[in-house]
């Protein structure tokens, strides 16, 4: 194996991951939904400080980022960090369609990591409540939720809201939704509505630790049956606290 072949082989093992600080909303620049005509291929662009997300609705686009070729298919996300050259290296089928979004993050709010031979556990560790995480390219299991938020962004972007932050918050919501879809795809542990409810109850308990809580008080706060609540927490850390208090 010569040095050029080794470098290409090594690149295939690398995974580009971008972490977004979402403690504040990102800054929307421009967005749209594009449909390709005959003999279309992506024009040359340079991302000078701004991030781009492409969400493929149908068809295929053929992208060259710097010296590397990527084929992006229906249902896939392509999340390109700043400071890269981008152009199409091949014509896309007529009717190819995708959403596109350009935005800035807050100062020092963007971190791109090149992981060599990463495992899912290593990537999972990057997820935090104030940080969204996206790979360069991945496939969504469904476009349903993302499609709704993407269309909302386009609608709000062309409407004269009293504050431009409306579209910034929606775009940040899209980042969170895409990040959640990615998290579920690598963890195989989707966060159900019930689990989200349990997490909400746990946060409420933590906020009221200074009081001597009764199961009945916690249940009343969330309109739940006390015995049901104890059963749900039986295998969780707060269970001991709940079961040791009176249900009266």
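Within the stretch 61-71, is even one residue out of contact with any strand residue (DSSP E or B) (no Cβ under 6 Å at 6 or more places or on another chain), within 16 Å of residue 136 (Cβ to Cβ) and in contact (Cβ under 8 Å) with a residue 24 or more places away in the chain? Yes, some residue in the stretch 61-71 is out of contact with any strand residue (DSSP E or B) (no Cβ under 6 Å at 6 or more places or on another chain), within 16 Å of residue 136 (Cβ to Cβ) and in contact (Cβ under 8 Å) with a residue 24 or more places away in the chain. Applying the set (1) part of a helix (DSSP H, G or I); (2) in contact with a helix residue (DSSP H, G or I) (Cβ under 7 Å, 6 or more places away or on another chain); (3) buried (at least 19 other Cβ atoms within 10 Å of the Cβ) to residue 182 leaves exactly one unmet item: (2).
Are any of the residues in the stretch 116-124 without any contact (Cβ under 8 Å) to a residue 12 or more places away in the chain and under 19 Å from residue 98 (Cα atoms)? No: the stretch 116-124 contains no residue that is without any contact (Cβ under 8 Å) to a residue 12 or more places away in the chain and under 19 Å from residue 98 (Cα atoms). If you go through the stretch 141-160 and keep only what is in contact with a helix residue (DSSP H, G or I) (Cβ under 9 Å, 6 or more places away or on another chain) and modelled with pLDDT under 90, you end up with 141, 142, 143, 145. Taking the conditions (1) farther than 11 Å from residue 98 by Cβ; (2) in a strand (DSSP E or B) in turn, residue 38 satisfies each one other than (2).
Among the residues of the stretch 26-35, is any surrounded by fewer than 20 Cβ atoms within 10 Å (Cβ to Cβ), modelled with pLDDT of 95 or more and not in a strand (DSSP E or B)? Quick ask: steps written out before the conclusion?
Here is the first cut: in the stretch 26-35, the residues surrounded by fewer than 20 Cβ atoms within 10 Å (Cβ to Cβ) are 27, 29-30, 32-35.
Then drop every residue that is not modelled with pLDDT of 95 or more, which leaves 27, 29-30, 32-35.
Next, only the ones that are not in a strand (DSSP E or B) stay: none.
No, that holds for no residue.
Scanning the stretch 79-91 turns up no residue that is touching a helix residue (DSSP H, G or I) at 6+ places or on another chain (Cβ under 7 Å) and closer than 19 Å to residue 184 by Cβ.
The values are calculated or read from the model by the stated rules, or taken from the named source; none is laboratory data. For clarity, every value in this text was computed on a predicted model and none was experimentally measured. No Cβ is skipped: glycine too gets one built from the backbone with ideal geometry, and neighbour counts run over all protein chains shown.
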